[in-house]
Structures are given as structure tokens and as C-alpha cells.
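Right, one structure below, let's go through it.
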Amino acid sequence: MLLSKGYKVFGIVRRSSTTPYERIAHLVDRVELLSADLLDQHSLVDAIHDAAPSEIYNLAAQSFVQTSWTQPVLTGEFTALGVTRMLEAMRKAAPHARFYQASSSEMFGKVVETPQRESTPFYPRSPYGVAKVYAHWITVNYRESFGLYAVSGILFNHESERRGLEFVTRKVTDGVARIKLGLARELRLGNLDARRDWGFAGDYVDAMWRMLQQDTPDDYVIGSGTTWSVRQLCETAFAVAGLDYHDHVLLDEKFLRPAEVDMLVADPSHARKKLGWEPTMAFPQLIERMVLADLARHRPR
Ligand code: GDP
């Protein structure tokens, strides 16, 4: 999206002996990759100094909720303290840049009110959610302490065919494609009664960009305002391929969580009013798109 608007785009990557750039393979010729690590303050200062950015989008995190119970300290390092390091790097190397922090609806957790809006108190339910609450408040604090242009976008789940296979939407759409093509017979899932407000990632990056174009920095909730259960996700996705989820979905306790977020639904009216933001893709179309993409990927060539 930024490239299409004429931006010069830099990305930060961690040094590794392999190059896992699968999701940006179509972009590697058009963006400049800088080596730095959220755990290493100096590398971040150097990267921001070298890129001299006007806008910084911090989307980096240990972002899988389930893993945050098995790696809680590392989750805190990347997802919480990593944001302080990014803000410090910006303060040192590009204090006039604008900073976007990817905050999360997981901060609302065991929800205190429904629907959730900017003023709804947080009640996180996982080490990931707790780390994101820290990250949200350090972003607000740096704005108030140092006058940085820093915003926190509280985004509800946003998905596409590039979603990681461990997340439930992609796990289901990939599972449907493999079952349809005879590569698998069953799909093992956890809690089918959890409800989420799922939207299309393409719509949500547009909201991130809009947040950084305002005269004054502010925080925004971004979501569709609708909520769907994992069971409805299964119904919808299997139906796209002409299948019935009852015939294939099994409960596997391994995918149940020590503490669950039962139901999330956004009130995005602040973003609608201030940013003129509207989602363009409803949940059934999103899931259809993802199933079709996974069918195309698995189909023998
Ligand atoms: P999250 O909202 O960031 O945790 O996104 P996920 O896609 O990982 O999970 C969304 C919801 O789906 C949670 O309430 C999970 O408990 C529920 N869920 C049910 N079965 C599964 C499963 O097999 N994998 C995942 N990732 N989530 C599942």
C-alpha cells in the first residue's frame, strides 16, 4: 500500500542463517531491508538513523496468543519492551517521525463492556495480551512525555491469505482446501464457541496509514462491528468447498487455552468519524477469498 502511494519503504529484519521472506517475496526487489532486532537497542537506533523515516509502523511482535503461555518472557521482550526500544530509537534518531503501534483487541480480553471502544478498560487474558497493554501505554506515555507523534491502533483480528497457518481462520481455510483435494480427512480445533470480530487485513492497513495523516496523534479502535464464532467460521469455510464441517472437524484439547477470550466486537465509530474509515470486505467474502486462495495453492499444477 505504501509503495502504491509512492513511499520509499524500508523493512527491519532479524539476522538469521535462513531467509524466511515468504510473505514479502513479491516485494523484496522494491523495499530496502535493514538488519536490526527488537531485542537490541543499538541496532534499532542505527536502522532508524539510516532509513531517516517520516513514518514508522511497528507491526513486529511475538503475535501468537497460544505461544505466549510457553514463551511468556520472550513475548514480553519482543511485544512489550521491544516497543520501548523502538520509541527510544525514534526519539534519538528520528524524533519528528510519526509512529504507529500495532495494538490489539486481545487487550480487552475478558471484556468489561460490549462493543469495545477506545475508552473500554483493558482486561488481558494471556501473556501476549498483557504485553500488548504495556506496549499501548508506553506509546501513549511517550506521546505525553516527549511530545512524539505516536499513535496506538487497537485492531481487531484481521486476516488474509497471508495469515500464518497457526491462526484459526487460516488453519480452517487451509484445512478445507486440503480436505477438498483429498490431502486430509479431518481438522482438529479447540474452542468452537469463541467469537471474534474478523476483518480483511487490506482494509486495516489503510486505517493504519490514515491514523498517521491526522493533525494530532490519537488512538483508534478498528474492527467491523460484527462478531462470528469459530463454529460459524467452519460452517462458512466448508460451505465454500461444498462440504459440511460436521463431517470433518474434531475437538482436540491441545488447542484449548488456559484462559480464553470468549467474545470480541468492535465499536469503530471514532475511526469512522475522524478517519473516514470503512471496511470494504465482510466476513463471508473474506473467508471465501481465503478458501479459494488455499485451494489454488494446494491444487496440483
Ligand atoms: P487470537 O484471537 O489472536 O487468539 O487469534 P486465533 O486465530 O489464534 O484464535 C481465535 C480464536 O479461535 C481463539 O478464541 C481460539 O481459542 C479459537 N480456536 C479454536 N480452535 C483453534 C485452533 O485450533 N487454533 C487457533 N489458533 N485458535 C483456535
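Rounded to the nearest 500, the helix-only mean residue ellipticity at 222 nm of the chain stands at -11000 deg cm²/dmol, with each DSSP H run of n ≥ 4 adding -39,500 (n - 2.57). Which Cα, out of 202, 295, 64, lies furthest along the positive dipole direction of the chain (beta carbon charges, K/R +1, D/E -1)? The listed residue farthest towards the positive side: 295. When all protein chains stay in place and ligands, DNA and RNA are ignored, the 1.4 Å accessible-area order of 251, 27, largest first, is 251, 27. Taking the DSSP bridge list for the chain and keeping only pairs wholly inside it, about 5 percent are antiparallel. Considering region 3-155, its Cα convex hull presents a mean projected area of 10.1 nm².
Simple spin-label estimate for residue 229 and residue 14 gives 3.7 nm between the two label positions (7 Å along the Cα-to-Cβ direction from each Cα). Counting only protein heavy atoms and a 1.4 Å probe, the chain has 49 square angstrom of accessible area per residue. A DSSP coil position with no more than 16 other Cβ atoms inside 10 Å describes the following chymotrypsin sites (Phe, Trp or Tyr not before Pro) in region 2-57: 7, 21.
When 206, 29, 50, 40 are compared by accessible surface with a 1.4 Å probe, the order from highest to lowest is 29, 50, 40, 206.
Each part reduced to its alpha carbon centroid, region 233-293 and region 1-71 end up 27 Å apart. Exposure check, 1.4 Å probe, all protein chains in place: residue 226 carries approximately 60 Å² of accessible surface.
Counting heavy atoms of the protein chains alone, residue 168 has an accessible area of about 50 Å² for a 1.4 Å probe.
For residue 263, the residues whose amide H sits under 5 Å from its own are 111, 195, ignoring neighbours fewer than 5 places away on the same chain, with H placed 1.01 Å from N. Per residue, the average separation of C-alpha pairs within less than 8 Å and at least 6 apart gives the chain a relative contact order of 18 percent. Using the Karplus relation 6.51 cos²θ - 1.76 cosθ + 1.60 with θ = phi - 60°, the per-residue 3J(HN,Hα) values for region 255-270 come to 9, 7, 9, x, 9, 10, 9, 6, 7, 10, 7, 8, 10, x, 5, 4 Hz, with x marking Gly and Pro. Using 0.36 nm per residue and subtracting the Cα-Cα separation, the extra length available between residue 188 and residue 118 on full extension is 21.7 nm.
Under 5 Å from the amide H of residue 34 lie the amide H atoms of 11, 12, 13, each residue being 5 or more positions distant or on a separate chain, with H modelled from the backbone and absent for Pro and chain starts. Reported value for region 197-301: 147 Å³ per residue, from the convex hull of its C-alpha atoms. Under a model in which nothing but the beta-carbon of Lys, Arg (+1) and Asp, Glu (-1) is charged, region 3-155 shows a dipole of about 200 debye around its Cα centre.
The mean sequence separation of alpha-carbon pairs under 8 Å and at least six residues apart, normalised by the residue count of region 3-155, gives a relative contact order of 22 percent.
Remark on residue 150: its backbone amide H falls under 5 Å from those of 99, a criterion applied only to residues 5 or more positions apart or on other chains, H modelled at 1.01 Å from N. Pairwise Cα separations in the chain fall into 20 Å bins from 0 onward with the following percentages, short to long: 32, 59, 9. Ranking 161, 260, 288 by solvent-accessible area of protein heavy atoms (1.4 Å probe, all protein chains present), from largest to smallest, gives 288, 161, 260. Computed over protein heavy atoms with a 1.4 Å probe, the carbon and sulfur contribution to the accessible area of the chain reaches 51%.
The values are calculated or read from the model by the stated rules, or taken from the named source; none is laboratory data. All values reported here derive from a predicted model rather than from experimental measurement. Virtual Cβ from ideal backbone geometry, glycine too; neighbours counted across all protein chains shown. Heads up: the accessible areas ignore ligands, DNA and RNA and are worked out on the full protein's heavy atoms, side chains in. Shrake-Rupley method; radii C 1.70, N 1.55, O 1.52, S 1.80 Å.
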